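Encoded as structure tokens, the structure appears first; notes follow it.
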Amino acid sequence: MEKNIIELITPVFFVLVVVELLYSVFGNKPFYRFKDSINNLSAGIFMQIFTVFITLGLMAVYSWVYAKFGILNISNDSWIGWVFCFILADFFYYWYHRFGHEINIFWASHVAHHQSEDYNFTVALRQGVTQNTFSLPFYLPLAVMGFPPIMFLLCIQINFAYQFWLHTRAIPKLGFFEWVFNTPSQHRVHHGRDPKYIDKNYAGTLAIWDRMFGSYKEEEEEPIFGIVKPMQTWSPVWTQFHYFEELFLLSWKTKSWKDKFLVWFKPPGWKPKDLGESVVPPEIDRSTYQKFNTHIPYTLLVYSITQFFFGLGASMVYLEFKKELPLLEMCVLGFYVLWTLWNIGAIFELKTSGIVSELIRLASIAGLTYVYPFDFTHVDKLTAILPIETLKYLPELMKQVALISFFVLGGFLVSQKRFFSIKGYTPKTV
């Protein structure tokens, strides 16, 4: 397959995000916050940049196990094979997902998906970079059974695609449908940080697994969304790896050699005895609860959103033309997309380091167009939709956009004379 299912229907995802956003705005529903939504999408882009490489490696492992140890010879033409593969893939997803909440090292791979304190379609795109790597061992029994790699890949992608529509507050309970299939109501419970909702409703597509294995919980009042210890950052990089660092520090600090190992396999919140009490999820006072937020000047907000859409466009080019771009250009493009997203998160937090980094990024783009001979005319898909002269002008356009952005941001910072303070950038007006 030239494209996977997720890539093919990504435009549909974005259309649904826009529809839900409009419903939220015109229906006066507090479903969206700009910074949180951009942070969710940034995490999704972050994952997709790396997925290009990770998926190849994981499918190579699955294919090797299938070729070496496959018991049955299940044909890609067998509709019964497809049905069983889908059901079993969903079953094994349930168990990875359950481990992903109840065992620390697996939670570290999955926690990024749960960090948002909002609940909307952008949350579905917020995924952990290491999640696919940690989930692969759970699916290898399918390879041993004899389900072909392409069958497994399509079934698991359909499973993931189904889960997109679960991430919304706009759809109520769905009656008898809830008995068989996972629904937005059930998944809202799963994303709740209320003590009664934690570690419930792990299903991907079929809700029967939760009912069978005792993890089902009916939605009562709407949950408070997020994780027990809310993130206090908009960094799409730190959100991916912070829990690995927490586990490493616990393992490093404890004096017990046994606990240095156990900390990775105990439930989230567990601590070695010499490091204090384990964390028990607290009840939440809804009357005083406030979501993490930061306030920045309107100019910086508009600038950040504009740069995000440039980064989003670049990531789409990365995913669409990854097979036609030379490896060096592909890596450079991916690096600049990630750099852009990191800077935006830092600007949202008014960090001096982020704003200085953004100025360096813009200057480096302009400089790169001088020293590297970018040539988009060899990309067949681009030549099919754009004139050659336009493609030849693209490097110059990149340079002009970078320079204009540099002077816009630089000019704004010059007007804010307190920018270069030790504590970081602080706007003169709140």
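The values are calculated or read from the model by the stated rules, or taken from the named source; none is laboratory data. Not measured: the values here are computed from a predicted model. Glycine also receives a Cβ, built like all others from the backbone with ideal geometry; neighbour counts cover every protein chain displayed.
Structure notes:
- Residue match in segment 273-284 (condition: within 26 Å of the chain's Cα centre (by Cα), farther than 18 Å from P195 by Cβ and surrounded by 14 or more Cβ atoms within 10 Å (Cβ to Cβ)): no
- Residues satisfying the criterion are absent from segment 395-413 (criterion: in contact (Cβ under 8 Å) with a residue 40 or more places away in the chain, outside any loop (DSSP other than H, G, I, E, B) and of a type in the set (D, E)).
- When residues in segment 292-338 are screened for being touching a His at 6+ places or on another chain (Cβ under 8 Å) and exposed (fewer than 13 other Cβ atoms within 10 Å of the Cβ), 0 of them pass.
- Filter pass, T340 being closer than 16 Å to F46 by Cβ and polar (S, T, N, Q): yes
- Filtered residues of segment 131-159 (kept if assigned to a helix (DSSP H, G or I) and small (G, A, S)): S135, A143
- Test: residue in segment 251-264 that is in a loop (DSSP other than H, G, I, E, B) and under 12 Å from N104 (Cβ atoms): yes
- Selection from segment 339-378 of residues that are touching a residue at least 60 places away in the same chain (Cβ under 8 Å), crowded, with 19+ Cβ neighbours inside 10 Å and under 23 Å from V129 (Cα atoms): L341, W342, I344, G345, A346, F348
- Pick from segment 33-55, criterion under 12 Å from L319 (Cα atoms) and polar (S, T, N, Q), ranking: surrounded by the fewest Cβ atoms within 10 Å (Cβ to Cβ): T51
- Any hit, segment 130-150, residues being touching a residue at least 60 places away in the same chain (Cβ under 8 Å), in contact with a strand residue (DSSP E or B) (Cβ under 8 Å, 6 or more places away or on another chain) and on the phi < 0 side of the Ramachandran plot: no
- Those residues of segment 297-330 which are part of a loop (DSSP other than H, G, I, E, B), at pLDDT 85 or above and within 24 Å of the chain's Cα centre (by Cα), in sequence order: none
- Verdict on Y303 being touching a Leu at 6+ places or on another chain (Cβ under 7 Å) and hydroxyl-bearing (S, T, Y): yes
- Test: residue in segment 160-181 that is surrounded by 18 or more Cβ atoms within 10 Å (Cβ to Cβ), touching a Leu at 6+ places or on another chain (Cβ under 7 Å) and assigned to a helix (DSSP H, G or I): no
- Screening G214 with (1) more than 30 Å from K351 (Cβ to Cβ); (2) modelled with pLDDT under 95 gives one miss only, at (2).
- Qualifying residue in segment 54-73 (condition: more than 15 Å from the chain's Cα centre (by Cα), farther than 22 Å from N132 by Cα, at pLDDT 95 or above and of a type in the set (V, I, T)): yes
- Odd one out for T51, checked against (1) in a helix (DSSP H, G or I); (2) more than 17 Å from L341 (Cβ to Cβ): (2)
- Inter-residue pairs, beta-carbon under 6 Å, first over 17 Å from I227 (Cα atoms) and in segment 263-280, second assigned to a loop (DSSP other than H, G, I, E, B) and among the charged types (D, E, K, R), 6+ apart: D274/K255
- Subset of segment 155-170 that is over 17 Å from L206 (Cβ atoms) and touching a residue at least 60 places away in the same chain (Cβ under 8 Å) - its residue that is farthest from the chain's Cα centre (by Cα): A170
- Residue ID - surrounded by the fewest Cβ atoms within 10 Å (Cβ to Cβ), chosen from residues in segment 22-32 that are assigned to a helix (DSSP H, G or I) and in contact (Cβ under 8 Å) with a residue 12 or more places away in the chain: Y23
- Every listed requirement among (1) surrounded by fewer than 22 Cβ atoms within 10 Å (Cβ to Cβ); (2) basic (K, R); (3) in contact (Cβ under 8 Å) with a residue 40 or more places away in the chain is met by R126 save one, (1).
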